[in-house]
Amino acid sequence: SSVPNSTENAATEDEFGTGGAARVHRLWPEIDRICTEQLKYARAGVGEGGNGWQIFVDEGEMKMYKREEEVNGLVVDPLKACHMVKGVTAREMCHYFFMPEYRNDWETTLEDVQILERISPDTLVFLQTHKRIWPASQRDAMFWSHMGKVNDNVDADAHDVWIVCNHSADEKDYPESKNSKCVRVILTVILVCQTYIENNKTTNITRDDLSCKITYCSVVNPGGWAPASALRAIYKREYPKFLKRFTKYVIDQCKDKPIMF
Ligand code: 18C
C-alpha cells in the first residue's frame, strides 16, 4: 500500500491505502466514512481564535487548542493539537501510535489493553481499561483503530501523509466487552502526520533531513457524570503529557533504525 494512486493498484487501493480484508468487513463503510470526515476536520485550521478554538498550551512547536462544549451536562471539549518533530517520518509516528505492542511504553493512563478483533493488519478493535481517578468510576474505551496512507494529493508540499483514526465501536457488535465496573467513554481521535524533507532531497536522505508535522484531534465523552472542573484539569494535564511523551518515544525508538517511509 505504498504506491499512491498508481493505476495497477486502482482495484485494491483506496484513499487510505488499505486493500483486502478490511474492505469487506461490515465495519468498513463506517471506518472509511469516519476517516475521511476526521481527516477533513484535522486539516481545517483553528482560525486564529475566530471560530471558537482557544489556545491552552503554547510551548515552542507544540500548540493545543480546545473548544468548550457540553452535551447533557457532560464536558466533551474537542481538542486540536499541532506539533512539529524532527528526525522521524509520518509512517513511523503512526506505526508507534497504532501498533499495540508499543502502547504501554507511551500511554500512561492504561490499566489493560485487549484486542477484540483483528480486522486486517491495519485495522484492529481494542478494549482498553484506564486507570481510575478516585472518586469517579473507572473508565473503559472500546474502539476500532485504522492506520493508512493518505493518497488524495491534497497536501502537495508534504512528502507523504499517514493517519491513525480511533473511533468508538458499538457495544452490540462486541457484547463480550461489557465490564460492569467500568463506565464506557465514547471517543473519536485522529492522528494526522505529514513528512517533510529538507530541500526536497530524493537521495542520501538522513534523519537530519526529516521533519514530521503532527495534527492530533480528539473528542472524548466521559460517558457518565464527572465534574466539569475536574475533567478540564485532567485534559490540561494529560494531553500535553501524552504528546510530549509519545513524540519523544518515537524519536528515541527510531534514531538508530533505518528510515521507514
Ligand atoms: O489518543 C490517545 N491514545 C489512544 C491509545 O490509547 C486512544 C485512547 C484514548 C483515551 C481515551 C480516554 C480514556 C479515559 C481515560 C480516563 C483516565 C485518564 C487519566 C488517568 C490519570 C492517572 O485514542 C492519547 C490519549 C491521551 C490521554 C487523554 C486523556 C483524556 C482524558 C479523558 C477523561 C475521560 C473521563 C475521565 C473521568 C474522570 C473524572 C474525574
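No lab work stands behind these numbers, since they all come straight from the coordinates. As the structure is a prediction and not an experimental result, all values here were calculated from the model. Note that we place each Cβ from the backbone using ideal geometry, even for glycine, and neighbour counts take in every protein chain shown.
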Worksheet entry | Karplus 3J(HN,Hα) series, Hz, for segment 189-198 with 6.51 cos²θ - 1.76 cosθ + 1.60 (x for Gly, Pro) | 9, 9, 10, 10, 10, 10, 8, 10, 10, 3
Fill in: Built amide H within the under 5 Å cut-off of Val57, gap 5+
Met64
Worksheet entry | Structure-based [θ]222 nm, the chain - -39500 (n - 2.57) summed over DSSP H runs of at least 4, per residue, nearest 500 | -7000 deg cm²/dmol
Item to complete: Starting at the first residue of segment 152-157, write each ³J(HN,Hα) from the Karplus equation 6.51 cos²θ - 1.76 cosθ + 1.60 with θ = phi - 60°, in whole Hz, x for Gly and Pro.
Response: 8, 6, 6, 8, 5, 7
Item to complete: Would you give the gap between the C-alpha center of segment 235-261 and the C-alpha center of segment 142-215, rounded to a whole Å?
Response: 13 Å
Worksheet entry | His159 long-range amide H proximity, modeled H, under 5 Å | Thr195, Tyr196, Ile197
Item to complete: Would you kindly derive the ³J(HN,Hα) couplings of segment 116-133 from the backbone phi angles with the Karplus curve 6.51 cos²θ - 1.76 cosθ + 1.60 (θ = phi - 60°), listing them in order in whole Hz, with x for Gly and Pro?
Response: 7, 8, 9, 6, 6, x, 10, 9, 10, 10, 10, 10, 10, 9, 10, 4, 7, 9
Discussion item. Can you compute the charge dipole magnitude of the chain about its Cα centre, using +1 on each Lys and Arg Cβ and -1 on each Asp and Glu Cβ, nothing else charged? Give it in debye, rounded to the nearest 20.
Written reply: 800 debye
Worksheet item: Using a Cα distance threshold of under 26 Å, what count of lysine pairs results for segment 198-261 when pairs must be 8 or more residues apart or interchain?
Response: 17
Worksheet item: According to the Kirkwood expression over distinct Cα-Cα pairs, how big is the hydrodynamic radius of segment 36-159, in Å?
Response: 17.4 Å
Worksheet item: Dividing the Cα radius of gyration by the Kirkwood radius, what Rg/Rh value follows for the chain?
Response: 0.96
Item to complete: Can you tell me the dipole magnitude for segment 68-136 around its Cα centre, using point charges on the Cβ only (Lys, Arg +1; Asp, Glu -1), in Debye to the nearest 20?
Response: 220 debye
Response to the item:
Sorted by chain and number, the residues with a modelled amide H under 5 Å from that of Val183, at a separation of 5 or more or across chains, are Gln138, Arg139, Asp140
